[in-house]
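The values are calculated or read from the model by the stated rules, or taken from the named source; none is laboratory data. The structure presented is a predicted model; accordingly, all values stated were derived computationally and were not measured. Here Cβ is always computed from backbone atoms with ideal geometry, including for glycine, and neighbour counts include all displayed protein chains. Please note that ligands, DNA and RNA were not included when accessible areas were found on the heavy atoms of the full protein model with its side chains. Shrake-Rupley method; radii C 1.70, N 1.55, O 1.52, S 1.80 Å.
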Amino acid sequence: MNVSIAFCHPSGQWPDTDSADPQVVVHMTSSLPETLRVRFAPSPTGFLHVGGARTALFNWLLARKFGGQFLLRIEDTDRQRSTDESTRAIFEGLEWLGLNWDEDVVYQGANVARHAADAHRLLESGAAYRDFTTPAETERLRAEAESRGDVYRFDRAQAMLSDEDVAARLAAGAPYAIRFRVPEGHTEWHDLVHERIAFPNKDIEDFVILRSDGTPVYNMAVVSDDIAMGITLVMRGDDHISNTPKQILLYRALGAHVPQFAHVPMIHGTDGKKLSKRHGATAVGDYQHQGLLPQAMLNFLALLGWSPGDDTEVMTLSQLVDKFHVEGLQKKAAVFDTKKLECMNGQPLALIPIAELAAVVAPMLEKAGLATVAELKAREAWYHGVLELLRVRARLTDEIVAQARPFFGESVEYDADAVSKQWRDAAVTADVLQATHEALAELPSWDMAAMEERLRTLAEARGISGGKIFQPLRVALVGLTVSPGIFDVLYYLGRDRALARIAAAVQYLRAG
Ligand code: GLU
């Protein structure tokens with residue numbers, strides 16, 4: 001799709017910002033750059049937010065689909081707020097989701113000297129100038145403006161000094177900030193999501209690029225790093241739209257190629273308000289620890305602001321790579337619905353290859369003290385069989401772990417409701433369970449068809465329904481009224497453990 005818009009300049013021929021035609025217009029089409037280098041640039045000031053993970057995923061999908069590179073830059077220039085813990089959470093979250101990055105991680109804080117050098121380059125070329133205004137002077141100007149009933153606005157004319165004045169202040173060692181000289185005209189780009197976006201430059205004040213303490217501001221650092229990293233497409237949240245004209249002006253003034261931009265929509269809760277903790281967990285790590293599968297999280301994140309253009313809702317990562325395209329990115333805010341997320345989790349839980357599920361659940365079982373990863377590996381066929389039974393009833397891997405408990409360990413706890421419902425008459429139940437124990441113990445092999453036949457015969461002989469045996473038996477085996485099929489449970493518990501559980505129940509009921 002080639003979108004032509006007003007003020008077009010042939011690509012590559014930039015208008016001179018000082019000429020009579022001073023607009024800056026970049027990227028008139030929605031075609032992707034030929035060499036695709038994208039990045040995810042989180043600030044490590046908290047956990048990995050679902051919105052950040054979504055931005056990372058979109059960038060990753062683009063890179064993987066179109067054979068580009070996906071880079072990771074940790075924007076740790078805010079020393080007060082950045083923490084190593086948060087950087088680790090970003091790595092862990094991306095690794096859990098399988099969003100692998102190319103090349104070494106770039107730490108923005110390590111490049112401050114380059115950011116400052118770029119700001120000085122702009123100073124030397126005249127695209128920026130020194131501002132010696134002290135904070136006290138700014139305060140005075142602000143107070144004056146307010147006393148006149150005006151809103152304070154930075155005024156270039158007040159800040160600009162004569163060459164002699166500048167030299168004198170420099171000689172006296174007066175501190176100064178470096179400000180970018182915003183040219184006249186307007187700045188416009190073709191956003192891959194929002195299409196044409198234009199800002200009149202008169203609304204952008206001459207912004208500081210290097211503070212008087214020598215530290216670069218955010219926009220300077222980002223542009224300097226994106227140039228150094230060879231980024232050709234910047235995809236990020238649309239809360240950054242107002243930074244983009246400033247960044248475009250900086251690229252241009254530095255004589256660098258301007259990347260394309262794609263601003264993806266914000267994420268709201270189901271009430272239409274900006275996503276916050278009120279709407280449920282917003283940290284990717286929380287979902288990981290709740291036992292959500294990374295596949296489900298990825299599928300869910302992908303649909304926050306993107307649509308494959310058909311009704312497909314459930315997609316594997318490779319299907320997402322296959323279907324992903326910027327044309328499916330939406331302008332309107334995306335809605336974060338945790339119910340949908342849980343529901344989506346049920347799909348991959350039921351569908352992913354059992355070995356993959358086994359690998360996710362094994363460390364969880366170990367953490368719960370039920371079995372070590374090594375023990376599970378040693379009994380792999382059995383372990384996979386148990387998972388097959390449990391995964392159809394679970395939406396979260398946590399639920400699998402809870403339901404797996406009876407298959408491990410020597411004893412079970414009897415749930416009070418299950419006891420009062422299924423073991424109402426202790427003497428009769430003990431008698432039925434004793435007969436069940438004898439019938440099963442006689443079986444020559446621990447075979448499901450033989451168990452079923454034997455227990456149905458027992459029910460008939462006693463003139464009771466099968467359920468009158470199976471329900472109390474279930475409580476004896478798992479302590480609950482619900483479980484996978486009773487013969488599956490008997491089979492996967494194994495002969496010794498199953499018979500021991502029934503004997504223990506009989507003893508419990510008779511002691512009662
Ligand atoms: N560090 C910024 C953030 O976390 C992202 C900057 C960018 O993508 O340009 O919002």
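Annotation for ALA256 and GLU85: the two label points, set 7 Å from Cα along the Cα-Cβ direction, are 3.3 nm apart.
Once the convex hull of the C-alpha atoms of the range 289-397 is built, how many Å³ does it hold per residue, rounded to a whole number?
Numbers: hull volume 11.7 nm³, N = 109.
Output value, Cα hull per residue: 108 Å³.
Residues whose amide H comes within less than 5 Å of that of GLY237, counting only those at least five positions distant or on another chain, are VAL264 (H built at 1.01 Å from N in the peptide plane). For the range 24-122, the pair-distance distribution built from all alpha carbon pairs, in bins 5 Å wide starting at 0, is 2, 12, 19, 20, 17, 15, 11, 4, 0 percent.
State in Å² the accessible area per residue of the chain; use a 1.4 Å probe, count heavy atoms of protein chains only, and round to the nearest integer.
Values: 24290 Å² over 512 residues.
Result: 47 Å² of accessible area for each residue.
When all protein chains stay in place and ligands, DNA and RNA are ignored, the 1.4 Å accessible-area order of SER420, SER307, largest first, is SER420, SER307.
Taking only the C-alpha atoms of the range 213-272, Rg followed by Dmax gives 13.6, 45 Å. Converting phi to 3J(HN,Hα) with the Karplus coefficients 6.51, -1.76 and 1.60 and the offset θ = phi - 60°, the range 69-76 yields 10, 10, 10, 10, 10, 8, 8, 9 Hz in sequence order, with x at every glycine or proline.
In this structure, the amide hydrogen of PHE261, modeled 1.01 Å from its nitrogen in the peptide plane, lies closer than 5 angstrom to those of LEU192, VAL234, counting only residues at least 5 positions away or on a different chain.
Compactness of the range 362-425 is given as radius of gyration and Dmax, 13.6, 43 Å, from Cα positions.
Once the trypsin sites (Lys or Arg not before Pro) in DSSP loops with at most 11 neighbouring Cβ atoms within 10 Å are cut out of the chain, the longest remaining piece is 154-272.
FRET efficiency for ALA402 and ALA110, Cβ-Cβ distance as r, R0 = 41 Å, nearest 0.05? Walk me through the intermediate numbers first.
On the way: r = 45 Å, r/R0 = 1.11.
FRET efficiency, ALA402 to ALA110: 0.35.
Rounded to the nearest 0.05, what FRET efficiency do GLU388 and ASP425 have when you use their Cβ-Cβ distance and R0 = 41 Å?
On the way: r = 35 Å, r/R0 = 0.86.
Efficiency for this residue pair is about 0.70.
Sorting GLU124, GLU453 by solvent-accessible area of protein heavy atoms yields GLU124, GLU453, largest first, with a 1.4 Å probe.
Over every pair of different alpha-carbon atoms in the range 353-396, take the mean of 1/r and invert it; report that Kirkwood radius in Å. Can you show the working numbers first?
On the way: mean 1/r = 0.0954 Å⁻¹.
Here the Kirkwood hydrodynamic radius works out to 10.5 Å.
Using just the alpha carbons, could you tell me how many Å³ per residue the convex hull of the chain encloses?
About 209 Å³ per residue, rounded to a whole number.
Please report Rg over Rh for the range 390-433, where both radii come from the alpha carbon positions and Rh follows the Kirkwood definition.
Numbers: Rg = 13.9 Å, Rh = 12.5 Å.
Ratio value, two decimals: 1.11.
Dividing the alpha-carbon radius of gyration of the range 64-152 by the rule-of-thumb value 2.2 N^0.38 Å gives 1.73.
The portion of the accessible surface of the chain made up by carbon and sulfur, rounded to a whole percent, is 51 (1.4 Å probe; DNA, RNA and ligands excluded).
Ranking THR481, LEU57, GLY185 by Cα position along the charge dipole of the chain, where only Lys, Arg, Asp and Glu carry charges on their C-beta atoms, puts THR481 farthest toward the positive end. Couplings 3J(HN,Hα) for the range 442-452, derived from phi with the Karplus relation 6.51 cos²θ - 1.76 cosθ + 1.60 (θ = phi - 60°), are 6, 4, x, 9, 8, 10, 4, 5, 5, 4, 4 Hz, where x marks Gly and Pro.
Kindly work out what percent of the DSSP beta bridges joining two residues of the range 165-299 are antiparallel, to the nearest 5. Working shown, then result.
Details: 10 of 15 bridges.
Bridges in the range 165-299 that DSSP calls antiparallel: roughly 65 percent.
Taking every DSSP beta bridge that has both residues in the chain, what percent is antiparallel when rounded to the nearest 5?
50
Just flag the chymotrypsin sites (Phe, Trp or Tyr not before Pro) in the range 166-275 sitting in loop per DSSP whose Cβ has no more than 14 other Cβ atoms within 10 Å. All intermediate terms of the calculation are to be shown ahead of the outcome.
On the way: sites: TYR176, PHE180, TRP189, PHE207, TYR218, TYR251, PHE261; in loops: TYR176, PHE207.
Here no loop site has a sparse enough neighbourhood.
The Cα trace of the range 374-512 gives Rg and Dmax of 14.8, 47 Å, the first to one decimal, the second as a whole number. Once you treat every alpha carbon in the range 122-264 as an equal point and sum by Debye, what is log10 I(q)/I(0) at q = 0.15, 0.16, 0.17, 0.18 Å⁻¹? Each listed q corresponds, in turn, to -0.85, -0.94, -1.03, -1.11. Evaluating 6.51 cos²θ - 1.76 cosθ + 1.60 at θ = phi - 60° for every residue in the range 302-314, the Karplus couplings come out as 4, 8, 8, x, 9, 9, x, x, 10, 8, 4, 10, 9 Hz, glycine and proline recorded as x.
Remark on PHE207: its backbone amide H falls under 5 Å from those of PHE180, VAL182, a criterion applied only to residues 5 or more positions apart or on other chains, H modelled at 1.01 Å from N. Of the listed pairs LYS246/LYS331; LYS65/LYS377; LYS340/LYS468; LYS277/LYS421, which have alpha-carbon separations greater than 30 Å here? Cα-Cα > 30 Å for LYS65/LYS377; LYS340/LYS468; LYS277/LYS421; rest within.
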